[in-house]
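K.L.:
Quick one: this structure, given as structure tokens, is what I'll be asking you about.
The values are calculated or read from the model by the stated rules, or taken from the named source; none is laboratory data. Bear in mind that the values here come from a model prediction, so they are computed numbers and not experimental data. FYI the Cβ positions are ideal-geometry reconstructions off the backbone, even for glycines, and counts take in every protein chain you see. Heads up: the accessible areas ignore ligands, DNA and RNA and are worked out on the full protein's heavy atoms, side chains in. Shrake-Rupley method; radii C 1.70, N 1.55, O 1.52, S 1.80 Å.
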Amino acid sequence: MSTSPPSTTPLPNPVRPPTPRPGPAPRQRRERRVGRPGHGAFGYAFLAPFLVVFVIGIIAPLGYAAYLSLFQDRLVGGTVFVGLENYRRALTDDLVRAGLGRVLLFLVVQVPVMLLLALVAALALDSGRLRWTGLFRIGIFVPYAVPAVVASLMWGYLYGDRFGLVGQIGEVLGTDVPDLLGSSWMLASIGNIVTWEYVGYNMLILYAALRTVPQELYEAAEVDGAGEFRKAWSIKLPALRPALVLATVFSIIGTFQLFNEPNVMQSLSPGVISTSYTPNMYAYNLAFNGQQFNYSAAVAVVLGGVTALAAYAVQIRSMRKGQGQ
């Protein structure tokens with residue numbers, strides 16, 4: 001009797017229940033962040049000193065000047081409201097136009113020369129090839145520490161053709177020297193004083209910007225075989241663009257506010273520098289010598305508007321140039 005072999009038919013796999021897919025996680029309640037009590041008050045407390053100084057030193061004088069510019073002090077009727085009459089008069093005043101033209105010429109010539117000298121000095125300091133860089137940096141910056149009145153008096157006496165260094169040089173050489181206090185040279189002489197004063201200030205702005213450039217960029221440029229000139233052109237100058245814009249804006253504001261230097265030089269050459277040599281001098285003399293406070297305020301507001309427009313134009317131009325690259 002033969003025994004049949006066991007059946008080798010595989011048993012069917014047990015059916016596993018489908019694995020449930022993970023559903024969306026239950027929403028967690030968002031906890032509202034509740035700031036510490038008085039957290040915002042501390043921020044306003046730190047900001048308050050600046051706001052107080054800003055309102056007292058900037059907003060209040062500007063508002064008061066704008067308010068004064070809307071009135072006129074007349075012999076009959078006293079102080080009366082005239083609206084924009086003072087502004088119409090200022091925009092058509094030949095003395096205001098002449099002063100603005102003078103400072104615009106000063107801006108076009110003096111500011112580029114000053115910034116170029118500051119740029120060269122900053123690049124020389126950053127090159128690391130100068131000896132006694134600390135002494136060099138302080139020597140260029142020291143004129144900025146000299147008050148503008150003192151600097152103008154010092155340079156004014158140096159310019160003198162009879163009593164100053166220029167006159168002595170002419171006597172030694174036996175030749176006539178240009179009259180640096182004359183009408184033809186006066187604006188250039190003032191420009192020399194301002195350049196001497198502010199080259200060091202602008203140099204520090206540019207030098208500080210150069211110190212923020214990562215050293216890795218210079219090392220990569222050296223690996224590619226770039227020399228000092230190539231590194232300055234391709235790395236340093238693009239990095240200096242924001243600092244140059246800042247220095248240019250400061251220089252524009254200072255140019256339109258030109259007052260101390262020509263006001264001091266007026267005592268040395270009264271026939272050349274008049275009371276309206278610059279718009280700032282004109283506004284000052286209208287207020288304190290002519291007692292025309294309302295019209296002086298209008299001239300000051302117009303000058304401030306021109307200054308703001310010029311500074312804003314430089315910023316917009318630099319932003320568009322940066323975006324174009």
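K.L.:
Are any residues in the stretch 176-229 of a type in the set (A, V, I, L, M), under 28 Å from the mean Cα position of the chain (by Cα) and more than 18 Å from Asn263 (Cα to Cα), and if so, which ones? Give the derivation first.
P.N.:
First, pick out the residues of the stretch 176-229 that are of a type in the set (A, V, I, L, M): 177, 180-181, 186-188, 190, 193-194, 199, 203-206, 208-210, 213, 217, 220-221, 223, 226.
Next cut, under 28 Å from the mean Cα position of the chain (by Cα) only: 186-188, 190, 193-194, 199, 203-206, 208-210, 213, 217.
Correct list: Val199, Met203, Leu204, Ile205, Leu206, Ala208, Ala209, Leu210, Val213, Leu217.
K.L.:
Scan the stretch 262-302 residue by residue and report those that are under 16 Å from Leu105 (Cα atoms) and in contact with a Phe, Trp or Tyr (Cβ under 9 Å, 6 or more places away or on another chain).
P.N.:
Correct list: Pro262, Ser276, Thr278, Pro279, Asn280.
K.L.:
The conditions are (1) open to solvent by 60 Å² or more (accessible area, probe 1.4 Å); (2) under 19 Å from the mean Cα position of the chain (by Cα), and Arg89 fails exactly one of them. Which is it?
P.N.:
(2)
K.L.:
Kindly evaluate Leu68 against the criterion of being surrounded by fewer than 19 Cβ atoms within 10 Å (Cβ to Cβ), touching a Phe, Trp or Tyr at 6+ places or on another chain (Cβ under 8 Å), of a type outside the set (D, E, K, R) and under 18 Å from Tyr284 (Cβ atoms). Please lay out each step first, then the result.
P.N.:
On the way: surrounded by fewer than 19 Cβ atoms within 10 Å (Cβ to Cβ): no; touching a Phe, Trp or Tyr at 6+ places or on another chain (Cβ under 8 Å): yes; of a type outside the set (D, E, K, R): yes; under 18 Å from Tyr284 (Cβ atoms): yes.
Against the criterion (surrounded by fewer than 19 Cβ atoms within 10 Å (Cβ to Cβ), touching a Phe, Trp or Tyr at 6+ places or on another chain (Cβ under 8 Å), of a type outside the set (D, E, K, R) and under 18 Å from Tyr284 (Cβ atoms)), Leu68 does not qualify.
K.L.:
Do we find a residue being touching a residue at least 60 places away in the same chain (Cβ under 8 Å), touching a helix residue (DSSP H, G or I) at 6+ places or on another chain (Cβ under 6 Å) and open to solvent by 50 Å² or more (accessible area, probe 1.4 Å) anywhere in the stretch 118-136?
P.N.:
Scanning the stretch 118-136, I find no residue that is touching a residue at least 60 places away in the same chain (Cβ under 8 Å), touching a helix residue (DSSP H, G or I) at 6+ places or on another chain (Cβ under 6 Å) and open to solvent by 50 Å² or more (accessible area, probe 1.4 Å), so the answer is no.
K.L.:
I've got another one for you. Would the stretch 117-139 turn up any residue that is aliphatic (A, V, I, L, M), in a helix (DSSP H, G or I), out of contact with any Ser or Thr (no Cβ under 7 Å at 6 or more places or on another chain) and closer than 30 Å to Ser274 by Cα?
P.N.:
No, that holds for no residue.
K.L.:
Condition (residue is open to solvent by less than 20 Å² (accessible area, probe 1.4 Å), farther than 24 Å from Ser127 by Cβ, modelled with pLDDT of 85 or more and outside any helix (DSSP H, G or I)) applied to the stretch 251-263: is it met by at least one residue? Reasoning before the result, please.
P.N.:
Applying the first criterion (open to solvent by less than 20 Å² (accessible area, probe 1.4 Å)) to the stretch 251-263 yields 251-252, 255-256, 258, 261-262.
Okay, now just the ones that are also farther than 24 Å from Ser127 by Cβ, so 251-252, 255-256, 258, 261-262.
Checking which are modelled with pLDDT of 85 or more leaves us with 251-252, 255-256, 258, 261-262.
Pick out the ones that are also outside any helix (DSSP H, G or I) and you get 258.
Yes - at least one qualifying residue is present in the stretch 251-263.
K.L.:
Restricting to the stretch 264-286, give me the number of residues that are part of a helix (DSSP H, G or I) and either open to solvent by 20 Å² or more (accessible area, probe 1.4 Å) or closer than 16 Å to Leu187 by Cβ (or both). Before the answer, list the steps.
P.N.:
Pass one, the stretch 264-286, residues part of a helix (DSSP H, G or I): 264-268, 279-286.
Add one more test, that the residue is either open to solvent by 20 Å² or more (accessible area, probe 1.4 Å) or closer than 16 Å to Leu187 by Cβ (or both), and what stays is 264-268, 279-282, 284-285.
Adding up the residues that qualify gives 11.
K.L.:
Considering only the stretch 179-202, state which residues are hydroxyl-bearing (Ser, Thr, Tyr) and either more than 17 Å from Gly164 (Cα to Cα) or open to solvent by 10 Å² or more (accessible area, probe 1.4 Å) (or both).
P.N.:
Just the residues of the stretch 179-202 that are hydroxyl-bearing (Ser, Thr, Tyr), to begin with: 183-184, 189, 195, 198, 201.
Result: Ser183, Ser184, Thr195, Tyr198, Tyr201.
K.L.:
For Ile205, indicate whether it is among the β-branched types (Val, Ile, Thr), open to solvent by 60 Å² or more (accessible area, probe 1.4 Å), over 19 Å from Gln266 (Cβ atoms) and in a helix (DSSP H, G or I).
P.N.:
Numbers: among the β-branched types (Val, Ile, Thr): yes; open to solvent by 60 Å² or more (accessible area, probe 1.4 Å): no; over 19 Å from Gln266 (Cβ atoms): yes; in a helix (DSSP H, G or I): yes.
Taking the combined requirement at face value, the residue does not satisfy it.
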